[in-house]
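Written out below as structure tokens is the structure these notes cover.
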2 protein chains.
Amino acid sequence: MILLEMPSIKKMEALAQSMHECISFAQGALRIGGVDQHTKEYARQILLSDKADYYQDPLGIAPLRQRLSLTLSERYGAKISPQQIFIGHGSLGALTSLVLTLLDAGDEVLLPEPTYPVYASLVKLAKGVPVFTPAYELLPSKSDQRSAWAFNLELLKSAITNQTKMVILSNPSNPTGVFLSPNELQELSWICENKGIYLIVDEVYDDYVYEGIFSSSTPYAAHSQFTIRLGSFSKNFGMSGWRVGYAVAHPELIAAVGPVQAASISNPTVISQYAALYALEHREYTDHYAAILKKNRDVMCSFFDSLETSGIVSYGRPSAGFYLFFKTENTDSTALVMDILQRSKVALTPGADYGPSAKQFVRLCFARDPELIAQGIARLQKYFSAKHQLTLFDTQHIAATL
Amino acid sequence: MILLEMPSIKKMEALAQSMHECISFAQGALRIGGVDQHTKEYARQILLSDKADYYQDPLGIAPLRQRLSLTLSERYGAKISPQQIFIGHGSLGALTSLVLTLLDAGDEVLLPEPTYPVYASLVKLAKGVPVFTPAYELLPSKSDQRSAWAFNLELLKSAITNQTKMVILSNPSNPTGVFLSPNELQELSWICENKGIYLIVDEVYDDYVYEGIFSSSTPYAAHSQFTIRLGSFSKNFGMSGWRVGYAVAHPELIAAVGPVQAASISNPTVISQYAALYALEHREYTDHYAAILKKNRDVMCSFFDSLETSGIVSYGRPSAGFYLFFKTENTDSTALVMDILQRSKVALTPGADYGPSAKQFVRLCFARDPELIAQGIARLQKYFSAKHQLTLFDTQHIAATL
């Protein structure tokens, strides 16, 4: 029997939902005005027929795989056929199918940390062994007084051993908000290819890049046996409840994933796939969200810049993604997060889940309506300006229930 | 890396869909006029709000777990709390979460055969070892000339060893259409409880019982550490594309499944759960389907009764479920199934997937519109009356691609 911990993200979100008028910056869902109404209207029309009622292809409905093949081929200048794409129950479901297909019991999977907590759980579910390895550093910025997160390829390279079967990383990174340079990505993909290591690049934040030019793994996935690219509709179109994502991989691997999805999920939910088909043709929705998120990022960073002697040691200005990942004075940030929740009704996520080196950190998701961002900042401002001495007895008691 | 075979059911269904005017009795989907329009209208109303847009509880939305707890408590006269229920991505998704939670690498899982093919694949995905054991027999009926399937508890009992960690069976049975007597179910549940073996009873056909009184494992699941009951909206409401099912189990086990679902699927699709919530309050839809299926069963059995010297050795009249599982003269029925598909454009499923003892058999799903049943019978009538010598060269060639 396997006993996993419920991720703190889910626990904090559940606590937030149970509290009256709590503002949640915990869960990494894009919550800006709900899913676009045109997308839902399209789904409503589909429901007038029986198109979505019955079992479909385990790897996803043909129109969505075809449309994705056109969209991705055009966007990345690489020929990607529908046989190189499969649809999952979210990008997470696609990742589940991949690890269940690829990992043998005892296989080691390298997780460059800070890392998205769920990867380690998924590796354990597939009877693999998660190996955390530091790869992102919060360094003083060269250009100004502020700190910035940096990816360190040498650290990651030095952690690869003969036992490494797979590397999973999110790029742009959840939680740090940085991404690999074109050269770093090329070198990493090349190393993995040469050593026969599967490299799964989770690019669900690919449309939320605020500075710099993001380099996608898609062209590598198009020609590789080992590089796999994950994509999402949850993050790009705010459809987290709909559960549609996809993976780009070698057609032989996808052929092996087919019976795995047939056995484990039968097929991704059909009505959701039709909604995704519509959304995919309306990139303007994502552009709209991205513009709001960039402003949210700026506002939130200005607020963090203004904080002094607040118990926050430093933070890294994210150049992409949904999150601010900041360092606190607490050796374990869980008590701090619980204290903030209690006193200010703002939900954040403690760092411990993101890897052994991340305990001192806290994640804040700014993919929210700007109004909520402003209200949340006002509450946090009040909290930090009061310079609370944490009442450790109380918070440890509550933290123990987290 | 794990390499599973795509189930023949999926392959035959895909072949059928690709052929012009093929009649498919292959896949076990209830296809009678589509999902009820009121259920879909309810889902359409939900889509006017943002209720279904975002992540929800990994174990299912609270209103559905609550409503199921009331419905099941009332139906089975046992108090079942929402904490004893979780929602899965179909009953299959619920089963996936259970085997991933419960099985350690190398654990043996007993599969009474003929068995639903996907169970063995799922056990392999969780790095367990599927152990097929004969448990259903096609015997001459006592009352008339016809044969009937019978469940043999002694056979199953004698296969249980110290290595057995789990038993998975469908009851009513897919593919044989029989179910355990109240005493057999009680004894099996008691044996498993005493030996600390998990007994997963897949009751997705519970509403399709044509003769006799079906005894559910739900009351055992309500009080047991080890008995688990699966239920479905796919079979009971024709919603196979919507992917909603559930399990009733011990609250501690469900607490362990929570983080497993959080890690692997995040949550079941939300809009589907709302549709299920509506369907659950409209059992009359299922009653409507069940009445049609009973007639279909009778018509199909009359047709099989009329077949003589046709290459069909015998069949068992099903007292429940969606299927007729009949014995052929072929040692491997795959060639026969392919010949029928080619000559008559009727898709059936070969027996080999249902267990080592089932190769000689063929499964026919009669959960279809009565018109389609009549047309299919006409085609099969023509096929069998022509008493084809199978052109083995052709069919083996095609069978090899299956």
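Among residues that are part of a helix (DSSP H, G or I) and within 14 Å of chain B (Cβ to nearest Cβ), A:V99 is included. Annotation: A:L253 fulfils all but one of (1) within 14 Å of chain B (Cβ to nearest Cβ); (2) surrounded by fewer than 24 Cβ atoms within 10 Å (Cβ to Cβ); (3) under 24 Å from A:L139 (Cα atoms); the unmet one is (3). Each residue in segment A:109-129 was checked for being in a strand (DSSP E or B) and either surrounded by 19 or more Cβ atoms within 10 Å (Cβ to Cβ) or more than 21 Å from the chain's Cα centre (by Cα) (or both), and 5 of them qualify. Here B:A263 meets each of (1) farther than 21 Å from B:S234 by Cα; (2) without any contact (Cβ under 8 Å) to a residue 12 or more places away in the chain; (3) of a type outside the set (V, I, T); (4) more than 14 Å from every other protein chain (Cβ to nearest Cβ) with one exception, condition (4). Look at (1) β-branched (V, I, T); (2) within 30 Å of A:R379 (Cα to Cα); (3) more than 10 Å from chain B (Cβ to nearest Cβ) and you find that A:V118 fails only one, number (3). Scan segment B:356-364 and tell me whether some residue there is surrounded by 21 or more Cβ atoms within 10 Å (Cβ to Cβ), at negative phi and in a helix (DSSP H, G or I). Yes, segment B:356-364 has at least one match.
The set of residues in segment B:340-372 being modelled with pLDDT under 95 and either acidic (D, E) or in the same structural domain as B:L138 (by TED's automatic domain parsing) (or both) consists of B:D353 alone. Considering only segment A:276-296, I want to know if a residue exists there that is within 14 Å of another protein chain (Cβ to nearest Cβ), of a type in the set (A, V, I, L, M) and outside any loop (DSSP other than H, G, I, E, B). The answer is yes; a qualifying residue exists. Selection of segment B:46-57 for residues being crowded, with 18+ Cβ neighbours inside 10 Å, more than 30 Å from A:L102 (Cα to Cα) and within 8 Å of chain A (Cβ to nearest Cβ) yields B:L47, B:A52, B:D53. Kindly establish whether B:L111 is within 14 Å of another protein chain (Cβ to nearest Cβ), touching a strand residue (DSSP E or B) at 6+ places or on another chain (Cβ under 6 Å) and farther than 20 Å from B:T328 by Cα. In short, yes. Among the residues here, B:L230 does not qualify as assigned to a helix (DSSP H, G or I), modelled with pLDDT of 95 or more and in contact with a strand residue (DSSP E or B) (Cβ under 9 Å, 6 or more places away or on another chain).
Identify all residues within segment B:26-47 that are over 26 Å from the mean Cα position of the chain (by Cα) and not basic (K, R); write none if there are none. Even if it seems obvious, please write down each step before you answer.
Kept after step one, since they are over 26 Å from the mean Cα position of the chain (by Cα), are these residues of segment B:26-47: B:41-42, B:44-47.
Result: B:E41, B:Y42, B:Q45, B:I46, B:L47.
If you filter segment A:188-205 down to residues that are within 9 Å of A:T227 (Cα to Cα) and among the β-branched types (V, I, T), you find that the one that is surrounded by the most Cβ atoms within 10 Å (Cβ to Cβ) is A:I200.
Test B:S69 against the stated conditions and say whether it is more than 9 Å from chain A (Cβ to nearest Cβ), part of a helix (DSSP H, G or I), in contact with a Lys or Arg (Cβ under 6 Å, 6 or more places away or on another chain) and surrounded by fewer than 19 Cβ atoms within 10 Å (Cβ to Cβ). Explain how you work it out, then say what you get.
Values: more than 9 Å from chain A (Cβ to nearest Cβ): yes; part of a helix (DSSP H, G or I): yes; in contact with a Lys or Arg (Cβ under 6 Å, 6 or more places away or on another chain): no; surrounded by fewer than 19 Cβ atoms within 10 Å (Cβ to Cβ): yes.
Answer is no for this residue.
Taken residue by residue, segment B:139-154 has at least one member that is over 25 Å from B:D305 (Cα atoms), more than 14 Å from chain A (Cβ to nearest Cβ), buried (at least 17 other Cβ atoms within 10 Å of the Cβ) and not aromatic (F, W, Y). Any residue in segment A:329-343 that is among the small types (G, A, S), touching a Phe, Trp or Tyr at 6+ places or on another chain (Cβ under 6 Å) and in contact (Cβ under 8 Å) with a residue 60 or more places away in the chain? Within segment A:329-343, none of the residues are among the small types (G, A, S), touching a Phe, Trp or Tyr at 6+ places or on another chain (Cβ under 6 Å) and in contact (Cβ under 8 Å) with a residue 60 or more places away in the chain.
Residues checked against (1) surrounded by fewer than 24 Cβ atoms within 10 Å (Cβ to Cβ); (2) within 30 Å of A:L110 (Cβ to Cβ):
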| position | (1), (2) |
| --- | --- |
| A:E281 | yes, no |
| A:A291 | yes, no |
| A:V299 | yes, no |
| A:S302 | yes, no |
| A:T328 | yes, yes |
| A:V337 | no, yes |
| A:L348 | no, yes |
| A:Q375 | yes, no |
| A:S385 | yes, no |
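Restricting segment A:26-45 to residues that are buried (at least 21 other Cβ atoms within 10 Å of the Cβ) and touching a Phe, Trp or Tyr at 6+ places or on another chain (Cβ under 7 Å) leaves a set whose member that is farthest from A:I292 (Cα to Cα) is A:A43. Can you find even one residue in segment A:77-87 that is within 14 Å of chain B (Cβ to nearest Cβ), in contact (Cβ under 8 Å) with a residue 12 or more places away in the chain and surrounded by 21 or more Cβ atoms within 10 Å (Cβ to Cβ)? Yes, segment A:77-87 contains at least one residue that is within 14 Å of chain B (Cβ to nearest Cβ), in contact (Cβ under 8 Å) with a residue 12 or more places away in the chain and surrounded by 21 or more Cβ atoms within 10 Å (Cβ to Cβ). Every test in (1) out of contact with any Phe, Trp or Tyr (no Cβ under 9 Å at 6 or more places or on another chain); (2) surrounded by fewer than 22 Cβ atoms within 10 Å (Cβ to Cβ); (3) assigned by TED's automatic domain parsing to the domain that holds B:H250 is passed by B:C22 save one, and that test is (3).
Scanning segment A:3-45 for residues that are over 17 Å from B:D53 (Cβ atoms), outside any helix (DSSP H, G or I) and at the interface with chain B (Cβ under 10 Å from one of its Cβ atoms) yields A:L3, A:L4, A:E5, A:M6, A:P7. Of the numbered criteria (1) within 14 Å of chain A (Cβ to nearest Cβ); (2) surrounded by 17 or more Cβ atoms within 10 Å (Cβ to Cβ); (3) free of Cβ contacts under 8 Å to residues at least 40 places away in the same chain, the one B:S91 fails is (3). The set of residues in segment A:236-256 being touching a strand residue (DSSP E or B) at 6+ places or on another chain (Cβ under 9 Å) and assigned to a helix (DSSP H, G or I) consists of A:L253, A:I254.
Mind checking whether some residue in segment A:190-205 is modelled with pLDDT of 95 or more, under 20 Å from the mean Cα position of the chain (by Cα) and among the aromatic types (F, W, Y)?
Here is the first cut: in segment A:190-205, the ones modelled with pLDDT of 95 or more are A:190-205.
From what's left, under 20 Å from the mean Cα position of the chain (by Cα): A:198-205.
Subset that is among the aromatic types (F, W, Y): A:198, A:205.
Within segment A:190-205, one or more residues are modelled with pLDDT of 95 or more, under 20 Å from the mean Cα position of the chain (by Cα) and among the aromatic types (F, W, Y).
Scanning segment B:256-290 for residues that are among the hydrophobic types (A, V, I, L, M, F, W, C) and out of contact with any helix residue (DSSP H, G or I) (no Cβ under 7 Å at 6 or more places or on another chain) yields B:V270, B:A290. Selection of segment B:215-233 for residues being of a type in the set (G, A, S) and buried (at least 24 other Cβ atoms within 10 Å of the Cβ) yields B:S217, B:A221, B:G231, B:S232.
The values are calculated or read from the model by the stated rules, or taken from the named source; none is laboratory data. Note that the structure is predicted; figures quoted are calculated from it, not measured. Note: ideal-geometry Cβ built from the backbone for every residue, glycine included; neighbour counts use all protein chains shown.
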